[in-house]
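Novice: One structure is given below, represented as structure tokens, and several questions about it will come after.
The values are calculated or read from the model by the stated rules, or taken from the named source; none is laboratory data. Just so it is clear, the structure is predicted and the values come from calculations on it, not from any experiment. Note: ideal-geometry Cβ built from the backbone for every residue, glycine included; neighbour counts use all protein chains shown. We work out accessible area using only protein heavy atoms, side chains counted, and drop any ligands, DNA or RNA first. Shrake-Rupley method; radii C 1.70, N 1.55, O 1.52, S 1.80 Å.
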Amino acid sequence: MIAGMNERITFQKQDVIVDDIGNHTNKWSDYYSCWAAIATSRISTKEKEEAAQTLEQERLDFTVRYCPQVGTISSTEYRIAFNGHIYNIDKIDNVDFKKKTLKFSASLVRR
């Protein structure tokens, strides 16, 4: 599995910035970059209806080596940047709970 980790990904963290007058805005900043094995999710695409049109939703699985930086990542405060695209983390799988690899199932963000 380690040999298959040949794609560079970046985890981005969401921070809330408060300006001088108290307005809160979200800002994404690079948190950690590492090598990953990338595979099409078992349910690689699914269709969803949005605004009276059917859209195809791309899903990928990103498998990375376990380390303290990725061990703290949550699906609510982080996302993945890969190949010029942004992916929202839907699920995190601690493979066999052995702290060797983590698998992040993520869906493409449409812009």
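Novice: Could you say whether any residue in the range 83-90 is within 15 Å of residue 33 (Cβ to Cβ), of a type in the set (D, E, K, R) and within 14 Å of the chain's Cα centre (by Cα)?
Specialist: no
Novice: Of everything in the range 8-24 that's part of a strand (DSSP E or B) and open to solvent by 70 Å² or more (accessible area, probe 1.4 Å), which residue is nearest to residue 75 (Cα to Cα)?
Specialist: Among residues in the range 8-24 that are part of a strand (DSSP E or B) and open to solvent by 70 Å² or more (accessible area, probe 1.4 Å), the one nearest to residue 75 (Cα to Cα) is 16.
Novice: In the range 67-93, which residues are over 15 Å from residue 15 (Cα atoms) and of a type in the set (Lys, Arg)?
Specialist: Hit for the range 67-93 is 91, nothing else.
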